[in-house]
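Below is one structure, written out as structure tokens, with a few remarks after it.
The numbers here are math on the coordinates, done by the rules we state, and not lab data. Bear in mind the structure is a predicted one, so any value in this text is a computation, not a measurement. Heads up, the Cβs are rebuilt from the backbone with ideal geometry, glycines too, and the neighbour counts pull from every protein chain shown.
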Amino acid sequence: FACASEVSAFSANSGILKTSGTFGLKSSRGLVETRRSDRSFARAFPVLQSTIAREQVDTEDVTSSSADSTPYHGHTPSRLFEGAEPIQGKYGLRCPNVDLRKCKEWSKADVAEMLIKIQEAKGVLTFPNQSPDLSPDDQLYFASLFGEPETHTAAKGIPGYPQILEIIREKDAQVVFGEDWHSDHSFQPWPASFSFLRATGTMTPVGTNNTQFAHCIEAWKDLSPTLKKICLDLKVSHSARKAYGTPDQGGHKKNSLVAMQGTDGMKPSNKPLLPDQFHPVVINIPETGEEALFVSTTFTNGIVGMTDEEGNAFIKMLQGLITQEQYLFEISHEPHQVTMWDNRQLIHRGLVNDSSSRRIIQRVSVSTGGRPTSVNAELYKEGEEKERR
């Protein structure tokens, strides 16, 4: 799915959702093509909803003849989300009746409904009750419906599937991968849009070692007009150095590189770290037109135009505001559950409260297909913006 500034048309013959804009998610499954425009993406949802309505009519005769007890795997979105329930207030949606082994059967309307639901659920969908037989191919195909799966630049994937990062916590581990606040791959020129985390059968008890999220849209809405004005004029330097660098590269003594080295399975890629990327402090979410703070202490190392001390203090202050209790929620991981989240509107971290046994999860992230879009259209000079594109 290519997210940009406006959805303009669904092609019934080709199955291509055409969009326009710059902060896109280009699917590897041929669902989408993009083109540039300055128009608002706010009209995307009505187009997606009309597509859903058309397909519901087309499949009405088929679905009405199905027995209620027959497992359903797609093609009528209202049934795909049967039994779904909120996870924590307005945050998250638990979808217990989706068999992701069948996602290759999904229609355009099913994918469109997923995109609508994840925005309505403030950025997180969970899919419990998955089969232990859910394969790497299944997980990768599901992710590819929403963007181009990425290969992690600092860590090797599992054999045969470089896009699938296996995250291991050994029993009694002292250093843990991903335990500080971050948005996946924000240090890349094109950060991750959605991430898809699969819990394996090797997990600590349900309710331990949850993933905690903080909502960057809600936090931005509550900032004072004065602080908003300051943020809109700022670029933040996103970097992999603190999390994946050696000490001489600026890496923390207990960072994710050290965590990988302490496992029996995770391996650094040993590739050179990417150059720092200068993204807006405030970005636009293309599907909804909403605005969000795009900072975290893990993957940033300063504010453009500030001293190191000033910039890092400013980032820490913003993260403190984002991670206030009213913007926080947690997702627990049942064995074989898959969790999908939107990195553009959330930061997250892995909690550590049970090291009594080994824990293995597998994650795929997909690319935004473009640079984060600044809410402030004048933040980048013409030459800078051309270079960023």
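Worth pointing out:
- Pairs from Lys235/Lys381; Lys90/Lys117; Lys90/Lys229; Lys90/Lys122 whose Cα-Cα separation, in the structure shown, is over 19 Å: Lys90/Lys229
- Local charge for Gln324 was computed over the other residues whose Cβ lies under 10 Å away, with Lys and Arg +1 and Asp and Glu -1, and equals -3.
- Rounded to the nearest whole angstrom, the semi-axes of the ellipsoid equivalent to segment 200-255, taken from the Cα gyration tensor as √(5λ), stand at 31, 24, 8, largest first.
- Rounded to whole Å, the principal axis extents of the Cα atoms in segment 238-303 read 43, 25, 20, largest first.
- Rg/Rg_ref, segment 287-359, where Rg_ref = 2.2 N^0.38 Å and atoms are Cα: 1.40
- Sequentially through segment 354-370, phi angles give Karplus couplings (6.51, -1.76, 1.60; θ = phi - 60°) of 7, 10, 6, 8, 6, 9, 10, 10, 10, 10, 10, 10, 10, 7, 5, x, x Hz, Gly and Pro residues having no value and appearing as x.
- Packing rank of 154-163, 329-338, 302-311, where each peptide gets the mean count of other beta carbons within 10 Å, highest leading: 329-338, 154-163, 302-311
- With the convex hull drawn over the C-alpha atoms of segment 327-371, the volume per residue is 109 Å³.
- Scattering curve values for segment 117-228, log₁₀ I(q)/I(0), Debye with Cα scatterers, q = 0.09, 0.10, 0.12 Å⁻¹: -0.31, -0.39, -0.56
- One Cα centroid belongs to segment 218-263, the other to segment 327-378; the line between them spans 15 Å.
- Length released on extending from Thr151 to Lys229, taking residue separation times 0.36 nm less the Cα-Cα span: 24.5 nm
- Across the cross-link table entries Lys102/Lys271; Lys102/Lys156; Lys242/Lys271, which are compared at the Cα atoms, the separations over 24 Å belong to Lys102/Lys271; Lys102/Lys156.
- Most to least packed among 262-269, 233-240 [average Cβ atoms within 10 Å]: 233-240, 262-269
- Rg over Rh, two decimals, segment 169-272 (C-alpha only, Kirkwood Rh): 1.02
- Protection proxy ranking of 211-217, 176-182, 339-345, 322-328, by the mean of other Cβ atoms within 10 Å over each peptide's residues and highest first, is 339-345, 211-217, 176-182, 322-328.
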